[in-house]
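Below is one structure, written out as structure tokens; comments come after it.
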Amino acid sequence: MLLRVEYRTDRVALSIYMASQLFDATADLYKLNPDPPPDPQELFTRFLAWTAQPPG
């Protein structure tokens, strides 16, 4: 919720920031647990999908 407040006027910047976090998290998770690898859909939902939703 704090990220939505901080980036309330620049949702594109929020999406870019969260995409970078997704990239880092994917690399970390793969190093920690390569088998099975991280589920791309779960990571996308957790890191990026919510940024496209209108604030409510």
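The numbers here are math on the coordinates, done by the rules we state, and not lab data. The structure displayed is predicted, hence computed values, not measured ones. As a convention, Cβ positions derive from the backbone with ideal geometry for all residues, glycine included, and neighbour counts pool all protein chains shown.
Positive end of the dipole of the chain (Cβ unit charges, origin at the Cα centre): among P36, W50, F23, the Cα lying farthest that way belongs to W50.
For the chain, with only Lys/Arg (+1) and Asp/Glu (-1) charged at the beta-carbon, what is the dipole magnitude about the Cα centre, in debye rounded to 20? Numbers along the way, then the final one.
On the way: 5 positive and 7 negative charges, 54 e Å.
The calculation lands at about 260 debye.
Its relative contact order, with pairs defined as Cα atoms under 8 Å and 6+ residues apart, puts the chain at 42 percent.
For the chain, trypsin sites (Lys or Arg not before Pro) are listed when DSSP marks them as loop and at most 12 other Cβ atoms sit within 10 Å of their Cβ; the list is R8.
Taking a ≥ b ≥ c as the square roots of the eigenvalues of the Cα gyration tensor of the chain, is the shape rounded (a/c under 1.5), prolate (a/b larger than b/c) or oblate?
Details: a/c = 3.29, a/b = 2.32, b/c = 1.42.
Because a/c hits 1.5 or more and a/b exceeds b/c, the chain counts as prolate.
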